[in-house]
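The values are calculated or read from the model by the stated rules, or taken from the named source; none is laboratory data. All values derive from a computational prediction rather than experimental measurement. Note that we place each Cβ from the backbone using ideal geometry, even for glycine, and neighbour counts take in every protein chain shown. Note: accessible area is taken over every heavy atom of the protein model, side chains too, but ligands, DNA and RNA are not part of it. Shrake-Rupley method; radii C 1.70, N 1.55, O 1.52, S 1.80 Å.
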Amino acid sequence: MSVHTDTPEDAYTAGPEGPRSARSQNTTEGRVFTVTGGDWDALMADENFNDEERLIVNMGPQHPSTHGVLRLVLEIEGETVTQARSVIGYLHTGIEKSCEFRTWTQGVTFVTRADYLSPAFNEAVYCMAIEKLLDIEVPRRAQVIRVLLMELTRITSHLVALATGAMELGALTGMTAGFREREEGLHLMEFLTGLRMNMAFIRPGGVAQDLPFGYEDKIAGFIEVMEKRLPEYDKLLTGQPIWKARLKDVGVLPLEGCMQLGITGPVLRSAGLAWDIRKTEPYCGYEEYEFDVPTSTDADCYSRYLLRLAEMWESLKIMKQALAKLAEPGPVMVADTKIAWPAQLSVGADGMGNSLEHVRKIMGQSMESLIHHFKLVTEGFSVPAGQSYVAIESPRGELGCHLVSAGGTRPWRVHLRDPGFVNLQAMPAMSEGGMIADIVAAVASLDPVMGGVDR
Amino acid sequence: MTDPIPPTANPAVPSAATEANAVDTTVPAPPGASTPRSAPATTTARSGMFAAHGSGDTSGFGGLITAPHIPQPSPRPYGGYFDEVADALAAAMADRGIPDSAIYQTTVAHQEITFYVGREHLVALLWALRDDASLRFELASSISGVDYGLGVPQRLHVVYHFTSMTYRRRIRLEVAVEVEDAHVPSAVEVYPTADWHEREIWDMFGVVFDGHPALTRILMPDDWEGFPQRKDYPLGGIPVEYKGAEIPPPDQRRSYT
């Protein structure tokens, strides 16, 4: 059976119960029945229908277990999936094209919304690609802040993977627990950057501003809470028989398959390859941090769950080290005033505003500063013509940014290599031949975020 | 009234009027357009600023001329691991009977190496990159399309980023084709991960990947017309409820470059 919506009404033979019951149509592939909602009884009563039919079921894009607006088209035999295809594009927002009509700095606001569960990574990879074209070095303190934000984001992203994955499998307490902890992370993110998600805090040349007063205690407090709460997942899920039965030996993708399909991130590491760009090609000073890359050789959904849990512990370790490094003060933006945003933001009566000192200077003392401020904010800075590709390790794998500059104040082309997009190609390999219920587990273990998949 | 802003006021997409007074420094397309001898220009020459033309501009900005950017071949040594990769690639090509001319330019810029490749030998080169013991580029990290805009020779580019997990190296391959002949052989048989990347480039740029198992639209609806990320794809303006005014589409607004 398949879905036909555009065929003229008279091409169908009306079912026995009138136009609202199952309809059939003769095609080159034989008779095709289109079944919706509650007309199965009518279909089963149809003597032309027999049990040998190919059954194609449409799952999503509004299905609660497809991890966002992902549509799965499944050919099933009983409960077994014989073929599976994913249909994407339901969240395509043209982020890459929109960036071409904004300045380089404004582009941060767009890319941060691509993979909306890992905004700090999108911002960082985009800014690093710009910095590569500009050939500038970001100050050390800005690098440390970036690492801190990225690892915090990794924790909050893995918590969603865990929480929604648990919810899709029916473990609702896993969902409430995951979102409870994520809320802690988002509160910290709001305190540090001003926004919970889509912060646009990482900017070309550094970060928007230094961390607010009292950040040490807040970060330390978060780490303390997480260290207390993370073991709860072991109690709640790790040893739980139903959880293990749903995940063990499900969605298996061995290393050969991962390599062929270009899979990166926890899925690749669950197949046994310790490939983590933070270790293999360190960026943002990751070579100075001590942390492990957890791997497994089971290549199933359960090992991916354990890896994500272990990676959160590693991220906490990195956050602690970053916090220690932040004790050393320093600039958080490059010194080049042709790139650095001129206004130093400060906290005013309205919560946040421009520095009064800066406004006094540009309005009252220096015409040149005013012109400079105006030009940089409206026109932006130029980036030499050329192209660059930067890859970083996002919670889902290799997040790449391919930038092309034509030498102007706007990007000529922005392309995000989203790991969710690439990894989702493994869905058929993981789930064909298995049960329908296992597709849900397999997709959840890939953890695609449709904002990033469709961009 | 002076001339209105020309319909294609994006300076990167010059109208006939701006092309006439721009200096023609574009590289002429070589006779066999699919096997150029040097990397094609990536921009056209531009003149003026703010996308304003024929408005009697007395600021002096109208006289500005920006030369087109053409990636230049780099001399040896390239530095870092790039020389090793280039040597290994040359050896692998000799082994497999791929002519030297398959790579017609090598450019090192921004700490990255780019091989400009003719499409005839692309698939043979990919097999060499993936399977040769001294190359081992196992991962096709990213494949993306770029449209360098109207007036540029061979304006559609397909850019491949490869990663060698064994040697921890990254390289870039670039194939340039004309819009009228936008055909590139598919990489899917070598790198199955190229499947969705190529479908996205077909969807957004209209490059046909010959040999792709199912080249269909992936992000846009199946019956969509046009290729949205091409630079000449029409963008919508915003009507304003004031005397029929309209905010022009983003590519026709005045801009700095």
What lysines sit close enough to A:LYS244 to cross-link, taking a C-alpha to C-alpha distance under 24 Å and skipping anything fewer than 8 places away on the same chain?
A:LYS228, A:LYS235
Take B:GLU138, A:GLU232 and sort them by solvent-accessible surface of the protein heavy atoms, 1.4 Å probe, largest at the top.
A:GLU232, B:GLU138
All alpha-carbon distances of region B:190-257, grouped into 5 Å bins from 0, give the whole-percent distribution 3, 15, 19, 15, 12, 11, 9, 7, 4, 2, 1, 0
To the nearest 0.05, what FRET efficiency results for A:ARG85 and B:TYR167 with a Förster distance of 45 Å applied to their C-beta separation?
0.80
HN-Hα J in Hz across region A:235-244 - Karplus 6.51, -1.76, 1.60, θ = phi - 60°, x for Gly and Pro
5, 6, 10, 3, x, 6, x, 5, 4, 5
Per residue, what volume in Å³ does the Cα convex hull of chain A take up?
181
Taking all pairs of distinct alpha-carbon atoms in region A:198-239, Kirkwood radius in angstrom:
13.1
Volume in Å³ per residue [convex hull over Cα atoms, computed for region A:367-455]:
119
Here the net charge surrounding A:ARG154, from other residues whose Cβ is less than 11 Å away from its Cβ (Lys, Arg +1; Asp, Glu -1), is -1
Find out how many positive minus negative residues lie around A:LEU186, taking Lys and Arg as positive, Asp and Glu as negative, among other residues whose Cβ is under 15 Å from that of A:LEU186.
+1
With the cut-off at 29 Å, tell me which of the pairs A:LYS132/A:LYS375; A:LYS97/A:LYS375; A:LYS338/B:LYS243; A:LYS97/A:LYS279; A:LYS97/A:LYS132; A:LYS218/A:LYS361 have Cα atoms farther apart than that.
A:LYS338/B:LYS243; A:LYS97/A:LYS279; A:LYS218/A:LYS361
A:HIS63 - accessible surface, heavy atoms, 1.4 Å probe, Å² rounded to 10
70
Show A:VAL160, A:VAL35 ordered by accessible area, largest first, where the area counts protein heavy atoms only and the probe is 1.4 Å.
A:VAL35, A:VAL160
Per residue of chain A, what 222 nm ellipticity follows from adding -39500 (n - 2.57) for every DSSP H run with n ≥ 4, rounded to the nearest 500?
-13000 deg cm²/dmol
Extension reserve of the A:ARG360-A:GLU75 stretch, reckoned as 0.36 nm per residue once the Cα distance is removed:
95.8 nm
By accessible area (1.4 Å), largest first, A:VAL69, A:VAL414 order as A:VAL69, A:VAL414
Looking only at aspartates and glutamates whose Cα falls under 13 Å of A:LYS317's and that sit 8 or more positions away or on another chain, we get A:GLU151, A:GLU224, A:GLU227, A:GLU288, A:GLU290, A:ASP292
If I model a spin label as a point 7 Å beyond the Cα along the Cα-Cβ vector, how far apart are those points for A:GLN240 and A:GLU183 in nm?
1.9
Per its Cα gyration tensor (rounded if a/c is under 1.5, else prolate when a/b beats b/c, else oblate), region B:82-210 is best filed as prolate
Given contacts defined as C-alpha pairs under 8 Å and at least six residues apart, what's the relative contact order of region B:82-210, whole-number percent?
21
Extension gain from A:LEU195 to A:ASP336, taking 0.36 nm per residue of separation minus the Cα-Cα distance:
48.1 nm
